[in-house]
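Notes follow the structure.
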Amino acid sequence: MPPELSIVVPCFNEEDALPIFYDETINILKANGLDSYEFVFVDDGSTDGTLEAAQAISDKDASVHFVSFSRNFGKEAALYAGLAKSSGKYIAVMDADLQDPPSLLPKMLCAVRDEGFDCAATRRVTRKNEPPVRSFFARLFYKIMGKMSDVPIVDGARDFRLMTCRYKNSVLSLLECNRFSKGIFPWVGFKTKWFEYENVERAAGKTKWSFRKLFLYSIDGIIGFSTKPLTLVAILGVLAIFMSFVFIAIIILRRLIFGDPVQGWASLVCLITFFSGVQLSSIGICGLYIAKIYTEVKHRPMYIVKEEK
Ligand code: UDP
Ligand code: MG
């Protein structure tokens with residue numbers, strides 16, 4: 001018999017947070033009479049004792065399974081592996097640091113089991129306790145993404161979700177290796193109920209997202225879910241051609257009216273540097289798409305499993 005609820009948890013260097021997470025979550029499950037559960041911890045190539053912590057919990061509780069990667073493959077790969085291994089009727093995905101409050105689980109399960117939704121999703125309505133620079137860039141990212149993306153990307157949406165089996169299978173059917181969950185979840189469709197909550201601080205350990213990692217992740221998101229940058233580049237090129245027609249007309253008229261042949265060295269340099277910049281950045285944008293095609297066509301596995309239980 002499959003368990004009623006699977007809880008998938010990607011973990012990267014979470015040896016301190018994992019036991020606290022397990023205790024807290026199990027208390028909530030028990031308090032709500034949810035005895036048919038399973039945990040799937042995915043150790044994403046941690047360099048600390050995360051795997052040992054997962055093993056210890058699994059030795060105590062037979063409903064706890066784990067997958068351990070041969071190295072760090074990133075949260076997206078860990079999510080995929082966890083979803084693929086889970087066998088529950090309903091599947092929840094949450095972080096190991098208790099920033100996704102387990103107290104929401106019963107309500108989310110209710111929405112999916114009794115109210116006809118295929119997914120219960122969560123969104124953070126505050127960003128307090130976050131560095132202001134990070135909040136600023138996060139907001140900017142959601143603004144850009146909102147304009148560019150072909151699917152709606154919700155500001156502050158977390159990966160904390162609870163879903164039905166058919167929703168999970170749809171997510172698993174997307175086999176791209178450049179994964180961006182914030183786009184994949186809305187892309188698969190179905191009816192989703194949103195839950196909002198205030199930002200919570202990490203229970204232990206520290207965030208795994210450096211500014212650089214977040215920046216690269218947001219580029220993955222834009223490239224993965226929109227081809228608008230390519231359209232913009234093409235439009236920019238056409239505008240530049242029109243601009244050059246205007247310049248040519250001005251130069252010819254000036255030559256005819258004033259007859260001054262050698263002038264405009266400074267403006268020439270400005271134009272050359274400006275258009276070199278436009279060309280290089282346009283080639284760069286096309287290059288980003290080509291790079292993604294290149295990594296996709298290699299068909300490498302998303303992750304490599306070292307051991308599992
Ligand atoms: N995580 C992961 N692989 C990574 C980075 C993060 O599995 O390469 C996990 C991490 O252990 C945590 C979740 O993804 O359970 C969210 O990470 P974190 O809490 O660092 O992100 P934040 O909440 O600060 O956005
Ligand atoms: Mg966190």
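Observations on the structure shown:
- When each of D95, D100, D59 is tested for being without any contact (Cβ under 8 Å) to a residue 40 or more places away in the chain and among the charged types (D, E, K, R), the lone residue that passes is D59.
- The test for being charged (D, E, K, R), surrounded by 11 or more Cβ atoms within 10 Å (Cβ to Cβ) and modelled with pLDDT of 90 or more does not hold for K298.
- Residues that are touching a residue at least 60 places away in the same chain (Cβ under 8 Å), of a type outside the set (F, W, Y) and under 14 Å from L79 (Cα atoms), drawn from the stretch 159-203: D159, R161, L162, M163, K168, V171, L172, E176, C177, N178, R179, S181
- In the stretch 214-239, the residues that are over 15 Å from G183 (Cβ atoms) form Cβ pairs under 6 Å with partners that are of a type outside the set (A, V, I, L, M) and assigned to a helix (DSSP H, G or I), at six or more places apart or across chains, as follows: V233/S282.
- For first residues located in the stretch 68-88 and on the phi < 0 side of the Ramachandran plot and outside any loop (DSSP other than H, G, I, E, B), partners that are charged (D, E, K, R) and within 11 Å of ligand 1 (Cβ to nearest atom) and lie 6+ apart or on another chain with Cβ distances below 7 Å form the pairs S68/D43; F69/D43; F69/D44; K75/D44; A78/D44; L79/D159.
- Of D59, D100, D95, all but one fail to be more than 16 Å from ligand 2 (Cβ to nearest atom) and either acidic (D, E) or within 23 Å of R202 (Cβ to Cβ) (or both); the exception is D59.
- Flag if F195 is modelled with pLDDT of 90 or more, of a type outside the set (D, E) and under 19 Å from the mean Cα position of the chain (by Cα): yes
- Residue count for the stretch 200-227, restricted to those that are assigned to a loop (DSSP other than H, G, I, E, B) and either over 28 Å from P19 (Cα atoms) or over 18 Å from the mean Cα position of the chain (by Cα) (or both): 9
- Among residues of the stretch 282-298 that are among the polar types (S, T, N, Q), those with a beta-carbon under 8 Å from a residue that is at pLDDT below 90 and in a helix (DSSP H, G or I) at least six positions away or on a different chain give the pairs S282/V233; S282/L236; S282/G237.
- Selection from the stretch 160-207 of residues that are closer than 21 Å to H299 by Cβ, within 16 Å of ligand 1 (Cβ to nearest atom) and among the charged types (D, E, K, R): R179
- All positions within the stretch 194-221 that are more than 16 Å from ligand 2 (Cβ to nearest atom) and over 21 Å from A121 (Cα atoms): R212, F215, L216, I219, D220
The values are calculated or read from the model by the stated rules, or taken from the named source; none is laboratory data. Everything numeric in this text was worked out from a predicted model, so none of it was measured. Glycine gets a Cβ as well: all are built from the backbone with ideal geometry, and neighbour counts include every protein chain shown.
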